[in-house]
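Step one of this worksheet: look at the structure below.
The values are calculated or read from the model by the stated rules, or taken from the named source; none is laboratory data. In this text the structure is predicted, and so the values were computed from the model without any measurement. Glycine also receives a Cβ, built like all others from the backbone with ideal geometry; neighbour counts cover every protein chain displayed.
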Amino acid sequence: MKTFFNLVQDVQKKGLCHRCGGCATFCTAINYGALKIDSNGKPIYADMEKCIECGLCYSICPEINDLEEDTRRIAAWSEPMGRVIETTVVRAAVAPVRENATDGGAVTALLLHLFDRNRIDGAIVTRPVGKFQREPHLATTREEILNSAGLFFDTSHGMQQFSDQYMTYASIQEFDPMVRKKLNRVALVGTPCQIKSIRKMQAMNLVPSDAIQFCFGLFCSGNFTFGEKERQQLAEAGGFSWEDAVKINLKDRLLVTLKSGEEKTISMEQMSSIKRYACTYCQDYSAEFADISFGGLGAQKGWTTVISRTPLGRAVLADARDRNALEQYSIKDDNEFATKALQAVRRASAQKKKKARHARYDMQKRPVRVNI
């Protein structure tokens, strides 16, 4: 039986830990308390003597191939980038939601729709705690869900303390308050690595993953270190000041909207030096194990590309459109909008997989150890 000690050796010391929080979150939620997340988002021992060596933390890590077939079966995964039932381009039908959103506000609109329809008791999201900072949050009111809209350079990797990590997602560390509040109908918004960790928990019927009724995945180009030095580097590359920035978006490049309305762009190549090491080896761009995947890539400005991957995801999306929570892009403006959006995502997905495969091949030839 492999334990957290093996997880450190097989994943962390190789630099492959995505800091999704799955291992420590599960341990905390079921009240073992052997693991915790440190100030940099890394899972560590909280109390080694409390570890019962069940090996579950090892199995649910998205970097470990245990339960791969079972996990794929749950999501009906298929080549080349997971199951695709429907692709469309939508935005929130309500203007206030769109105003705070990064793209079209589709994720927030869908969460509000589920909450208003009494389909969920809450949602695991992130909320702003300062300019370009966010923290994980279990939203249990309509107002809290609405306030979670937008994308920031932030600290939303499940930390109680802030660091210089850039994350676009919520934290499954919020499992703990979800359990304490006895909520059993929760939607989770997360990146590909987090969604896969949840699916692996569900494959093993682990509590409290059964309370996650909806998995909403975000397109992910990677996560980036965003300390003072890195912020200065990006500002110089883009020719702007962060004091003038009002909105940030990350698609196939970084988009920074200024107070003047001007938009500055920074290529992914210019950001490569600040990308997290583990992201180099991740092959999932489009959240292939989610019920629904979301992102701005392939959509017009102010709109969101949406891929429904499970029958549940398709049904939720259809209900939201029927009840005017979401507005679909007009076929009159472009009768191939969905096809073009899917093609863009497929290109990005194929590119990320190719780079990850090459990186892993190089790692096998030259074993790499990094400071953890």
> Of (1) touching a helix residue (DSSP H, G or I) at 6+ places or on another chain (Cβ under 9 Å); (2) outside any strand (DSSP E or B); (3) charged (D, E, K, R), residue 103 satisfies all except one. Which?
Replying inline: (1)
> So which of 273, 286 is within 23 Å of residue 355 (Cα to Cα), crowded, with 16+ Cβ neighbours inside 10 Å and either touching a residue at least 12 places away in the same chain (Cβ under 8 Å) or not acidic (Asp, Glu) (or both)?
Replying inline: 286
>> Looking at the structure I just gave you, is residue 255 touching a strand residue (DSSP E or B) at 6+ places or on another chain (Cβ under 7 Å), part of a helix (DSSP H, G or I) and crowded, with 16+ Cβ neighbours inside 10 Å?
In response: no
>> Between 338, 350, which is closer than 17 Å to residue 86 by Cα and either β-branched (Val, Ile, Thr) or modelled with pLDDT of 95 or more (or both)?
In response: 338
> If you check 68, 99, which single one turns out to be of a type in the set (Asp, Glu), surrounded by fewer than 16 Cβ atoms within 10 Å (Cβ to Cβ) and within 26 Å of residue 11 (Cα to Cα)?
Replying inline: 68
> Quick check, is residue 84 outside the structural domain of residue 340 (by TED's automatic domain parsing) and at pLDDT 95 or above?
Replying inline: yes
> In the range 20-63, how many residues are surrounded by fewer than 19 Cβ atoms within 10 Å (Cβ to Cβ), at pLDDT 90 or above and of a type in the set (A, V, I, L, M)?
Replying inline: 4
> Just wondering, is there one or more residues in the range 12-24 that are at positive phi, hydrophobic (A, V, I, L, M, F, W, C) and either out of contact with any Pro (no Cβ under 8 Å at 6 or more places or on another chain) or not assigned by TED's automatic domain parsing to the domain that holds residue 124 (or both)?
Replying inline: no
> Looking at (1) modelled with pLDDT of 90 or more; (2) touching a Phe, Trp or Tyr at 6+ places or on another chain (Cβ under 9 Å), which is the only condition residue 213 fails?
Replying inline: (2)
>> Given the criteria hydroxyl-bearing (Ser, Thr, Tyr), part of a loop (DSSP other than H, G, I, E, B) and modelled with pLDDT under 75, does residue 221 qualify?
In response: no
